[in-house]
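Here the structure comes first, spelled out in structure tokens, and everything after it is commentary.
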Amino acid sequence: MALKKAVLLRIGFAGTAALLVAGTVLLQSCSVDLFGLFASGDLDIRLSDKNTFNFLSPEDLSLSLPGEYSFIVLNDTHIEEGDAHGLEKLSSVMNGAAFAVVNGDITQNGSRRDLQKFIEIAGSLGVPCYPVIGNHDVYFNNWPVWKELIGSTCYRIDSSTSSTSIFVLDSAAGTLGSAQYEWLEEGLKTAKRHALVFTHTNIFIESPVDLVQFTDVRERSRLMDLLKGRSEALFMGHAHKRMVHEAGGVHYITVEDYKSTGIYCRVHVSRRGLSWEFEKL
């Protein structure tokens with residue numbers, strides 16, 4: 001009996017330790033705010049406001065691109081109380097990039113002040129800057145702030161001068177939902193040669209302690225099936241670590257968080273396909 005109690009006690013300690021480790025990883029992985037964690041907004045409501053653009057200009061919506069070009073993508077900037085962690089210097093490294101994408105968790109908690117800070121920085125780049133919504137951007141029920149200042153969380157941009165289509169998806173709640181899958185599937189049927197997809201939540205993990213990904217792993221298979229043969233790349237963030245995969249001819253690129261690393265990805269698009277390098281601001 002004493003041996004049985006000792007074994008159970010040891011199992012109890014091990015289980016508690018595992019939960020503590022998992023909790024620590026989760027908290028560190030995306031700077032979780034406990035009070036805002038479960039306030040991720042209503043996906044269906046956000047998706048009902050497609051094609052509303054309060055930040056992007058008409059010129060941004062008919063992107064003019066040469067046959068070969070580059071763009072910048074970064075994520076998890078977590079602007080907080082007006083502190084953009086040096087993101088103001090981004091304009092100095094654009095180096096001919098045709099546009100930029102900030103791939104979610106632009107702000108720490110979706111506040112008006114911090115979203116306005118992003119808009120100020122985006123306006124200094126001299127090229128279109130496409131925002132992607134992340135889970136932090138709708139914390140504390142701040143979706144109405146995004147709607148007012150930015151507009152849609154799910155949208156498509158087709159270049160008026162090149163073979164590029166950009167799809168921005170809303171995965172702030174850790175899911176895309178059937179309506180968004182259907183929208184993407186229909187859109188990819190008419191997409192141009194370079195179909196580039198951006199969303200915040202990552203769909204891959206590389207170890208048991210990588211706890212951040214789509215809430216339903218079956219969605220990963222569905223998304224990969226949709227992209228196969230139709231898209232060149234899916235860009236993600238959220239995991240706060242770099243992960244690069246290739247499957248079905250699609251590049252899956254997760255960029256580490258900008259806030260703690262200063263890293264961004266410069267992507268080159270040409271007739272030969274995509275190439276990229278990771279750089280530090």
Legend entry - In the stretch 175-227, the residues that are in contact with a Cys (Cβ under 7 Å, 6 or more places away or on another chain) and within 19 Å of MET243 (Cβ to Cβ): VAL212
Legend entry - Condition check for LEU115: closer than 29 Å to GLU277 by Cα, assigned to a loop (DSSP other than H, G, I, E, B) and modelled with pLDDT of 95 or more: no
Inset, instruction - Only residues that are part of a strand (DSSP E or B) and either at pLDDT 95 or above or aliphatic (A, V, I, L, M) (or both): list them for the stretch 271-281, please. - result: LEU274, SER275, TRP276, GLU277, PHE278, GLU279, LYS280
Inset, instruction - Among the residues of the stretch 211-232, write down those that are part of a loop (DSSP other than H, G, I, E, B), among the acidic types (Asp, Glu) and either within 20 Å of GLY177 (Cβ to Cβ) or more than 17 Å from the chain's Cα centre (by Cα) (or both). - result: ASP216
Legend entry - The listed residue being modelled with pLDDT of 95 or more, surrounded by fewer than 22 Cβ atoms within 10 Å (Cβ to Cβ) and touching a Leu at 6+ places or on another chain (Cβ under 7 Å), out of VAL102, VAL127, VAL145: VAL145
Inset, instruction - Specify the residue that is surrounded by the most Cβ atoms within 10 Å (Cβ to Cβ); the eligible residues are those in the stretch 85-99 that are over 26 Å from LEU234 (Cβ atoms) and of a type in the set (Gly, Ala, Ser). - result: SER91
Inset, instruction - Could you check, for the stretch 198-210, whether at least one of its residues is at pLDDT below 95, part of a helix (DSSP H, G or I) and either within 22 Å of ILE166 (Cβ to Cβ) or out of contact with any Asp or Glu (no Cβ under 9 Å at 6 or more places or on another chain) (or both)? - result: no
Inset, instruction - Could you check how many residues of the stretch 31-68 are farther than 16 Å from VAL168 by Cα, among the hydrophobic types (A, V, I, L, M, F, W, C), surrounded by 15 or more Cβ atoms within 10 Å (Cβ to Cβ) and modelled with pLDDT of 50 or more? - result: 1
Legend entry - Enumeration of residues in the stretch 50-66 that are assigned to a loop (DSSP other than H, G, I, E, B) and under 24 Å from GLN180 (Cβ atoms): LYS50, ASN51, THR52, ASN54, PHE55, LEU56, SER62, LEU63
Inset, instruction - Taking only the stretch 242-256 into account, find how many residues are outside any loop (DSSP other than H, G, I, E, B) and buried (at least 17 other Cβ atoms within 10 Å of the Cβ). - result: 6
Inset, instruction - Would you confirm whether any residue within the stretch 101-108 is over 18 Å from the mean Cα position of the chain (by Cα) and free of Cβ contacts under 8 Å to residues at least 40 places away in the same chain? - result: no
Legend entry - Selected residue (criterion: surrounded by the most Cβ atoms within 10 Å (Cβ to Cβ)) from residues of the stretch 105-124 that are aliphatic (A, V, I, L, M) and touching a Ser or Thr at 6+ places or on another chain (Cβ under 7 Å): ILE106
Inset, instruction - Report yes if ALA239 is surrounded by 14 or more Cβ atoms within 10 Å (Cβ to Cβ), touching a helix residue (DSSP H, G or I) at 6+ places or on another chain (Cβ under 8 Å) and either outside any loop (DSSP other than H, G, I, E, B) or among the acidic types (Asp, Glu) (or both), otherwise no. - result: no
Inset, instruction - Any chance you could count how many residues in the stretch 74-84 are in a loop (DSSP other than H, G, I, E, B) and either in contact with a strand residue (DSSP E or B) (Cβ under 7 Å, 6 or more places away or on another chain) or surrounded by 18 or more Cβ atoms within 10 Å (Cβ to Cβ) (or both)? - result: 5
Inset, instruction - Filter the stretch 257-269 for residues that are farther than 17 Å from ASN95 by Cα and either in a strand (DSSP E or B) or free of Cβ contacts under 8 Å to residues at least 24 places away in the same chain (or both) and give the result. - result: SER260, THR261
Legend entry - So PHE71, is it of a type in the set (Phe, Trp, Tyr) and either surrounded by fewer than 19 Cβ atoms within 10 Å (Cβ to Cβ) or part of a loop (DSSP other than H, G, I, E, B) (or both): no
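The values are calculated or read from the model by the stated rules, or taken from the named source; none is laboratory data. Predicted model, so just to flag it, every value in this text is computed and none were measured. Note that each Cβ is placed from the backbone with ideal geometry, even for glycine, and that neighbours are counted across all protein chains shown.
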